Amino acid sequence: MSDVAGPSRRETRALLARAARTQADAEAVAEIAGAARAEVVAAYAVASEPQVWVAIEKMSIETVKDTVDGRARLDDLPAHGIRSVADVLRAGPQRLTRVPGIGDGTARKTIHAAEQLKRAARDSLQFRIEYDPKNPDMTRLVRALNTFGAVWRAAGTQEKDAGRLAAELARQRPVAGPAEAGRLRRLFMRAGDKAVADDAAREVRALVDAAEVAGLPAAAKEARAVRTPGDRQVWRDFERRSTDYYDLLSLVVGLGGDVAASEGFLPADIVERVGAQQLDSSRLSDTLRLRGYQSFGARFALVQRRVVLGDEMGLGKTVQAIAAMAHLAARGATHFLVVCPASVLINWSREIARHSTIPVVSLHGGGRARAVARWRAEGGAGVVTFGSLGALALPPPRPALLVVDEAHYVKNPGAKRSQAVNRVAAESERVLFLTGTPMENRIDEFRALIEHLRPEIAAGMGPEHAAISVEAFRRAAAPVYLRRNQSDVLTELPELVQVDEWEEFGGEDGSAYRDAVRDGNFMAMRRAAFAVRRPRDSAKLTRLLELAREAMANGRKVVVFSYFRDVLAVVAAALGPDARGPITGSTPVAERQRLVDRFTAERKPAVLVCQIEAAGVGVNIQAASVVILCEPQVKPSIEAQAIARAHRMGQVRTVQVHRLLIADSVDERMIELLGSKAQLFDAYVRHSTIAQATPGAVDMSEVQLARMIVAQEQERLSGVPVS
């Protein structure tokens, strides 16, 4: 023993000092993370309770009767004011037993059934964090999530192992205190057995070394330094990045949802194959947490290889495509290609760089030849516009994944961009079409997309096939098509309130409208309501200003959409310094994003003025919670896309949509004729119970639509004054 007492004692003291620090760090991480997690659970229980009660208020007494012994006499409960599950729980046994025919036993069974139903309602609750800084329960939850998020960022990867490490070190090293020689001997010498002492020292050293390499000391330091900001700052942070808060909440309480809806109601065999596919996330950024339905979408693309992802706007199709690319990159793939409209090229480059470690190469604009050469040599995600794709020669090796965004742009097989996409798709290992609007006017347009991917499937889903039933059409499309709707999977999405603002023409705008009808000028008819010298002479403009000013007075930002640039000019002039933009088709793509970024960052409410086909795709405007549409659009999908710019993942406020309409005008005619288009879209592209619709129901071109409306209005106004 004396031969090793001196050096061994010093080395052991140093090792035990390191072990003590490591144990303290591990205990701190476990304690801080555990406390933050527990506070989220407690805060959620309190904040969710009112929403649970709202759910059981909607459960009629019939649901209780179905759960209780069928012989129980509960038919008289509604007559005594007990009509729902919530009423049963509020009533309690004393009030229940006052109802004729209900004794103590029946009352107990009834309350027990109601409690079971309440638990079921809580388990299936589609919880939403209500944006209400004055609500103390919601504020507590948002604060708890903010704290947990900070702790998770500091120590999330260490949390799982911290408790185990602390316990193991506590077992290996002596009770905390001075490292006396006798205690060291008892620990490491074990009755003079040097071999046992060396083994014990090696085990402790291995634990400490592994913890230090993994970054435990830094994680503990950051976790100890976490401080929760004030309530106002927390709510501001929630408004800015609410999706992160929901992701954190789902980590702790496991938010539920409709599993079948998240899987797109696909057949069981496809769901099983997708479920068996693992998703390698090692090339994704640490800050990205995929939702369950997003992971499913990425895995669907990997398993089925050549598919259309038709998720409704706002569900993160871009992220799902990036996740599929990252998986393939982690498995050795080198080349990827994204084809998109020019308006979203910058957004794609930013999102790939933000969410993955895949190099991004822009194959558009000046220096394109050098960029293409670099992409060929070094790989990465090449991003190219539809217009530039034709001049792009495929590099060896061929793309591991071709992503085509806004894929409905290639629905016309005769168009040059469609042919260019088809050539690249034929050479690509996997192809992923992204579109929230795979069909606009006819079922044939949807089938045309499938032709690019799986011609043999497209051959089995022609017009005559679709005419059989919606479900038959969807079964045929299942191997190649996945769609989820916001209402099914994005349970936290706030309410969408849509209001039709009907007005009547005044003197000046009415005169402009009659002139346009007489001339048979469809476009002039659509924008006649804004053809005025003074704002008060336009019923639409007057209402627009009222809506915008009321919204801004309530702290809300507004986005105004119109198809027409001259309408936007009139609107911007009337709004004066409150107007931002306009964003039009001639606004450079980079400038569009800068305008949106500045609008988002502004603390003061303002109005962003946008041309609907320029800003209705590719930019996210969650900062706005009020949308004003100046006129109906020829395609329902264009309007839906525009609304989805604001009503999408990350929005925390109820979104108000106001459609400005003039009675007895082109507006009313368009709504009547286009209603069937929207219905057809719902039937075949959304999951719907509409059972019968034929593909030719709305086989009408824009030119035919214009001619029909002009003729109707000319007939109506012949001899009939508008005002």
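Put in order of Cβ neighbour count within 10 Å, fewest first, the listed residues E672, E429 become E672, E429. Which shape class, rounded, prolate or oblate, goes with region 65-137 when its Cα gyration tensor gives a ≥ b ≥ c as root eigenvalues, a/c under 1.5 marks rounded, and past that a/b bigger than b/c marks prolate? Note, shape of region 65-137 comes out prolate. Backbone phi angles across region 537-551, fed through the Karplus curve with coefficients 6.51, -1.76 and 1.60 (θ = phi - 60°), yield HN-Hα couplings of 8, 10, 5, 5, 5, 4, 5, 4, 5, 4, 5, 5, 5, 5, 4 Hz in residue order; Gly and Pro are listed as x. Scalar couplings 3J(HN,Hα) for region 400-417, obtained by applying the Karplus form with A = 6.51, B = -1.76, C = 1.60 to θ = phi - 60°, are 5, 8, 9, 10, 10, 8, 6, 5, 5, 5, 10, 6, 8, x, x, 6, 4, 5 Hz; x denotes Gly and Pro. State the answer as a single residue: which of N422, H408, H335 lies farthest towards the positive end of the charge dipole of region 257-488, with beta carbon charges of +1 for Lys and Arg and -1 for Asp and Glu, about the Cα centre. Checked the options; the winner is H335.
Counting only Cα atoms, region 496-717 measures 50, 46, 31 Å along its principal axes, largest extent leading. Where in region 528-634 are there trypsin sites (Lys or Arg not before Pro) that are in a DSSP coil and have at most 14 other Cβ atoms within 10 angstrom of their Cβ? Listed in order of number, the matching sites are R533, R603. Kindly identify region 278-399 as rounded, prolate or oblate by the Cα gyration tensor criterion: order the square roots of the eigenvalues as a ≥ b ≥ c, call it rounded if a/c is under 1.5, otherwise compare a/b with b/c, prolate if a/b is larger, else oblate. Cα axes put region 278-399 in the prolate bin. In region 314-417, a dipole from Cβ-located charges (positive for Lys and Arg, negative for Asp and Glu) runs towards its positive end, and of I346, V360, G390 it is G390 whose Cα lies farthest in that direction. Shown is the FRET efficiency for Q714 and D566, computed with R0 = 35 Å from the Cβ-Cβ distance and rounded to the nearest 0.05: 0.90.
Near V431, the amide H atoms lying under 5 Å from its own belong to R306, V307, L402; only residues 5 or more places off or on other chains count, and H is placed 1.01 Å from N. Rounded if a/c is under 1.5, else prolate if a/b is larger than b/c, else oblate: which is region 257-488, with a ≥ b ≥ c the root eigenvalues of its Cα gyration tensor? Oblate.
The charge dipole of region 257-488, taken about the Cα centre with unit charges on the Cβ atoms of Lys, Arg (+1) and Asp, Glu (-1), comes to about 800 debye, rounded to the nearest 20.
Here the calculated FRET efficiency for R536 and T654, from their Cβ-Cβ distance with R0 = 45 Å, stands at 0.90, rounded to the nearest 0.05.
Simple spin-label estimate for R374 and D444 gives 4.5 nm between the two label positions (7 Å along the Cα-to-Cβ direction from each Cα). Residue order for H647, H408, fewest other beta carbons within 10 angstrom first, comes to H408, H647. Annotation: the residues Y44, Y131, sorted from fewest to most other C-beta atoms within 10 Å of their own C-beta, follow the order Y131, Y44. Measuring nothing but how far apart in sequence close Cα pairs (under 8 Å, 6+ apart) lie, relative to its length, region 472-549 scores a relative contact order of 23 percent. Between L595, V609, A516, the Cα set farthest toward the positive side of the dipole of region 496-717 (charges on each charged residue's Cβ, about the Cα centre) is that of L595. Modelled label positions at I671 and T357, each set 7 Å beyond Cα in the direction of Cβ, lie 5.5 nm from each other.
Quick one: length gained pulling V497 to E550 fully straight, 0.36 nm per residue minus the C-alpha distance?
Here the segment from V497 to E550 would lengthen by 17.5 nm.
Taking θ as phi - 60° and the Karplus parameters 6.51, -1.76 and 1.60, the scalar couplings of region 124-135 work out to 9, 4, 8, 6, 10, 6, 6, 6, 8, x, 8, 8 Hz in sequence order, x denoting glycine and proline.
Between A45 and D104, the simple label model (points 7 Å from Cα in the Cβ direction) yields a spacing of 3.0 nm.
Read-outs: derived from the displayed coordinates by stated rules, not from any lab. Since the structure is predicted, the reported quantities are computational estimates derived from the model, not experimental observations. Cβ sites come from the backbone with ideal geometry, for glycine too, and all protein chains shown count toward neighbours.
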